[in-house]
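Report on one structure; see the data block that follows.
Rule-based calculations on the coordinates, nothing more; no lab input. Because the structure is a prediction, the values reported are computed rather than measured. For neighbour counting, all protein chains shown are included, and Cβ atoms are generated from backbone atoms with ideal geometry for every residue, glycine included.
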Amino acid sequence: MNDMTAIVTKPKDWETDQEVRWCPGCGDYAVLKAVQRTMPELGVKPENTVFVSGIGCSSRFPYYMETYGFHTIHGRAPAVATGVKLANPELDVWIITGDGDALSIGGNHTMHLLRRNLDCQVLLFNNEIYGLTKGQYSPTSRVGTRSPSTPFGSVDRPANPCAFALGSGARFVARGIDVHKNLVSVLKAAHAHKGASFVEIYQNCIVYNDDVFAGFTDKKAAPAKQLWLENGKPMLFDGGAKGLALDTAALTLKVVDVEGGDWAGAGVIVHDETNRSVAHMLVEMPSDAFPVALGVLYRSPAPTFESAVVAQNAQAAKGKTADLQKLISAGQTWQVEKEPHTI
Amino acid sequence: MATAARELTPREASAHPVPESIVVRFAGDSGDGMQLTGGQFTLSTALAGNDLATFPDFPAEIRAPQGTLFGVSAFQINFGSTAIETAGDQPDVLIAMNPAGLKVNVEALKPGGLIIADEGEFNERNLAKAKYAANPLTDGSLARWQLMSFNISQLTMDAVKPFGLGNKEALRCKNMWTLGLALWMFDRSREPIVDWLKAKFAKSPLLVEANVAALNAGHAFGETAEIGSDVAGGLKQHALAPAPSEPGLYRTVTGAESISLGLVAGSKLAEVDMFFGGYPITPASAILHHLSRLKEYGVTTFQAEDEIAAVASAIGASYAGKLGVTSSSGPGIALKGEAIGLAIMTELPLVIVNSQRGGPSTGLPTKTEQSDLYQAVYGRNGDAPMPVIAARSPADAFDCAIEAVRIATQFMTPVMLLTDGYIANAAEPWKVPDMAGYAPFPVAFREDAPAEGEAFLPYGRDAKGARPWVKPGTPGLLHRIGGIEKQQGTGNIDYAPENHQAMTDARRDKVDGIAAHIPLQEVTLGEEGSKLVVVGWGSTFGPIHQAVRRLRARGRDVSHVHIRHIWPLPANLGDLLRSYGKILVPEMNTGQLKTVLRDQFLVDARPLNKVSGQPFRIAEIEAAIEQALGGGAVGGEVHADTTQLPGPVAGLDDGQNVTDGLALTPGPNDNQDFAA
């Protein structure tokens, strides 16, 4: 870690010889490319990088990254990654997961990983569907989603990944879009954050849920429906014609028109990425009346789990010597000199 | 158990017809500190050089309602001048601290046995709670036994009066008074108890003084009181000679302690640090507690969010180059099943400790059973072979844990170590081994990158069939692993039919091949070719061994074979079993090892089953052997024994091990059982 020589890699260095087997047109390809483009910019070594995944389309990801990789079992990637990081905190750990993997079968582990603040990057590919099992609705599917298991439409309300992350105590919450150029900068920010960095990536499933995000990802819709947040900058969208202001009476956000660039006059608020309350409002904005908040929604570093464990282990061991013979001879003991009982 | 150096010959045995062991049961309210009294009595007995075995039994409720039948806490100890391998069939002495303790336990007492009762607690209220219509101390209903009753409560209050404790606090010293009397009865030293009290209450000298005063008062009571002089065999001193034992340093140890120590020793012998992922569950939690205090031994402990995360984190740690260990009991092991399959598929070392309890489902959380053998050997999806080792006693668990680490790291495989609630909680003397006598088995991480133009093969295999262990962070050896079927050698995804056949065979052959690297099966007691062999595994060792020993002393043609390696089985076991006339397999389940033996060797193994949450009594196994040798049925079912521990009304229990004086270091949260 203290090696001062710059580590120079090219995106190509992060590709394996394995044939990528996602469906043609799958958003996963774009995310893979974005990650492979991001890695050289981080100045990290492939051998110190570990990709851990669960089960699902996205979880095939580690096979395509020329790093160490562990394709684990459904929902358990956060737990495996916790063991990896506690065993060797020097490793740079990325978790690749999906909406079903992270929020359904693995929801418990996701919550605890975030609350503990393990230093790693969690990339949640949200396509609002179970792809690998052929199209059942997922915990993020919208009400009414027709699927093989819900032929009359799903009736349960969806989970909101970023709201879940914030509620779990995440200290870094961001959003990106599979094909959007900004994904690289979001990934870089996630990597730069020390602690659990949660990134929801809207990922299009071309086979089972095509265009489910078109309402805000379509070229035409994008300006009015995408709000890219930047710390210290006003929350503007639609080419600066609109912004978010605080409705102080209702204690919610509201969309306001900005005339002549006078965002301050319109009451548009400045993004303070350490403001947890505003982050909650940003992730809860209803999609019909509001844009989708993207980029780094919340970032407020806190001590990481593995550093606390390492520090406590060191503190507890301080001044003690590891003498195994002494350890097993501890407690109240007695010496038998010779066989005392003769018959 | 561990102190006995040798078996007595029949001649020697008959030369000593007097009882060589005594069984004492302490019983009282769960607030009376019975586990603590028993634990400290155990310690002083061990220090006196007697061999011993214990059986702690305590209620489920953390604070059971006082004085009730289901709030009774009992602790039985069997100690003597010969090898002791069970907690004893029937108590010789019952010390009852209240009516409920008497009611629940008195039927277990040997005819003519001694009852010591605190008459101060036999008031109307407590008698009613214990559902006694009349006071048994005075109504003659205890005539079958010798009865000594005196007001222990009042005597304790008198003894601690100078210290100005409140009534309630003063009465909590009762257990020390009783312990003092018991120490006098069996001529035990008070010194270690005094030392221990001083350490325990280092911050409150007043409590040390009060407890020591109570202890001394109980002892003096035995010494000076005239009681018993007019009662045949009444209150008098019994001195038991120390058991024959090999010279050396001894200590008492519970299974949970010795497994923890064995895991640490194993990790040192493997020269790799340990990562322990655990989730609280009775009766396995004690292992997590012990290990969490041993940071200086390179142990990292992680209390995970659930059983699955506990095993998954251990797998992650193994992948990253530590020795991953997890521990649970049956229900938790069931949850870990899929992840264990991942460890089998990714061929990573992992030790899984299963402290078995009664099942299925939540079952009997703190009662002992051996019913997870099928789960250990067969309980995963797919053809998923995994080595299984079973400990037979608290002391034996140390070596078993080392063996589990050795196999896991040398063969790149998960290993299951089976123990049970009885082993986990019971204490026995342990001859502290010399660690220099253990051959190290250092792990060799693969670190050298392949030559230019050559590919690294993460699923290449050595002569033992093990794949290389590579730590992430190693340049030149980047690779990916996972639960999907691997291509031979490269480890890339490969669904090809011939590849799956080859990999399934490779996983099987690797585990089967471990049989060549474990000891051949020895006859534990007796010889090859007897008329009958009793085959056992796990904690039934004690009663089986004693039963076979007794019957051999009476000239019966019976042998004992105890199996430690459940999977793979020792290479010679089939031939050995076929040398016997009949095969009897006592198990605390409905016949699981029996099934495996029949399946593996096509032998006529017959089950003797006991599924009451109670260990076998020696007499039960003796009777089954006599019946089989006498031409009767081989095996059958042993029914629940209402006089045996755990008793019928003692509730479920939480499994807290409160024999704190025996723990590695005193725990901060175990104080409820103390006179403080």
Can you find, among A:130, A:88, A:292, the residue farthest towards the positive end of the dipole of chain A? Put +1 on the C-beta of Lys and Arg, -1 on that of Asp and Glu. A:88
Summed over the other residues with a beta carbon less than 10 angstrom from that of residue B:444, with K and R at +1 and D and E at -1, the charge totals -2
Long-range amide H partners of residue A:177, meaning residues 5 or more apart or on another chain whose placed amide H is closer than 5 Å, are A:183, A:202
Nearest 10 degrees, 0 to 90: what angle lies between the long axis of helix B:592-601 and the longest principal axis of chain B (Cα atoms)? 40
Residues of type lysines that residue A:12 reaches as a straight line, Cα spacing below 23 Å, ignoring anything fewer than 8 places off in the same chain: A:33, A:45, A:181, A:188
Quick shape summary for chain A, equivalent ellipsoid via Cα gyration tensor, semi-axes whole Å in descending order, reads 43, 25, 22
Mean-position separation - Cα centroids, segment A:100-115 and segment A:277-307, in angstrom: 17
Debye, to nearest 20: dipole size of segment B:333-489, +1 on Lys, Arg Cβ, -1 on Asp, Glu Cβ: 220
Tilt relative to chain A, helix A:107-116 - C-alpha long axis, 0 to 90 degrees, to 10: 80
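Once you charge only the Cβ atoms, +1 for Lys and Arg and -1 for Asp and Glu, what is the size of the charge dipole of chain A about its Cα centre, to the nearest 20 debye? Show your work: numbers first, answer last.
On the way: 32 positive and 35 negative charges, 69 e Å.
The dipole of chain A has a size of about 340 debye.
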Compute the signed sum of charges (Lys and Arg +1, Asp and Glu -1) over the other residues within less than 14 Å, Cβ to Cβ, of residue B:204. +2
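Taking the Kirkwood radius as the inverse of the mean 1/r across Cα pairs, report the Rg/Rh of segment B:344-450.
1.04
Could you size up the charge dipole of chain B around its Cα centre, putting +1 on the beta carbon of Lys and Arg and -1 on that of Asp and Glu, and report it in debye to the nearest 20? Walk me through the numbers before you get to the answer.
Numbers: 56 positive and 74 negative charges, 39 e Å.
Here the size comes out at about 180 debye.
Nearest 500 deg cm²/dmol is fine: what mean residue ellipticity at 222 nm does chain A get from its DSSP H runs of n ≥ 4 alone, each adding -39,500 (n - 2.57), divided by its residue count? Present the calculation step by step, with values, prior to reporting the outcome.
On the way: 10 runs with 88 residues, N = 343.
One gets -7000 deg cm²/dmol as the mean residue ellipticity at 222 nm.
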Looking at B:109, B:133, B:122, which one has the Cα that reaches farthest to the positive end of the dipole of segment B:73-133 (charges on Cβ: Lys, Arg +1; Asp, Glu -1)? B:133
Scale the Cα Rg of the protein assembly as shown by the rule-of-thumb value 2.2 N^0.38 Å and send over the ratio, two decimals. 1.08
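Dividing the Cα radius of gyration by the Kirkwood radius, what Rg/Rh value follows for segment B:426-552? Could you put the intermediate results ahead of the total?
Working: Rg = 22.7 Å, Rh = 19.7 Å.
Answer for segment B:426-552: 1.16.
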Please report B:445, B:163 as a ranked list, fewest other C-beta atoms within 10 angstrom at the top and most at the bottom. B:445, B:163
Of all DSSP beta bridges located in the protein assembly as shown, what percent are antiparallel, nearest 5? 35
Excluding exposed DSSP-loop GluC sites (Glu not before Pro) (at most 14 other C-beta within 10 Å), longest clean stretch of chain A: A:91-229
Selection of chymotrypsin sites (Phe, Trp or Tyr not before Pro), segment A:87-194, meeting DSSP coil and at most 11 other Cβ within 10 Å: A:152
Taking amide H positions as placed in the peptide plane 1.01 Å from N, state which residues far from residue B:356 in sequence (5 or more) or on other chains have amide H under 5 Å from it. B:419, B:420, B:421
So how do A:52, B:212, B:299 line up by other beta-carbon neighbours within 10 Å, fewest first? B:212, B:299, A:52
Using the C-alpha atoms of segment B:220-368, what convex hull volume per residue, in cubic angstrom, is computed? 201
Going by alpha carbons, how many degrees (0 to 90, nearest 10) lie between the helix axis of B:255-270 and the longest principal axis of chain B? 30
Give me Rg/Rg_expected for chain B, where Rg uses Cα atoms only and Rg_expected = 2.2 N^0.38 Å with N residues. 1.01
Quick one: B:333, A:269, fewest Cβ neighbours within 10 Å first, how do they rank? A:269, B:333
Partner lysines whose C-alpha sits under 22 Å from that of residue B:582, ignoring same-chain residues fewer than 8 away, are B:531, B:594, B:610
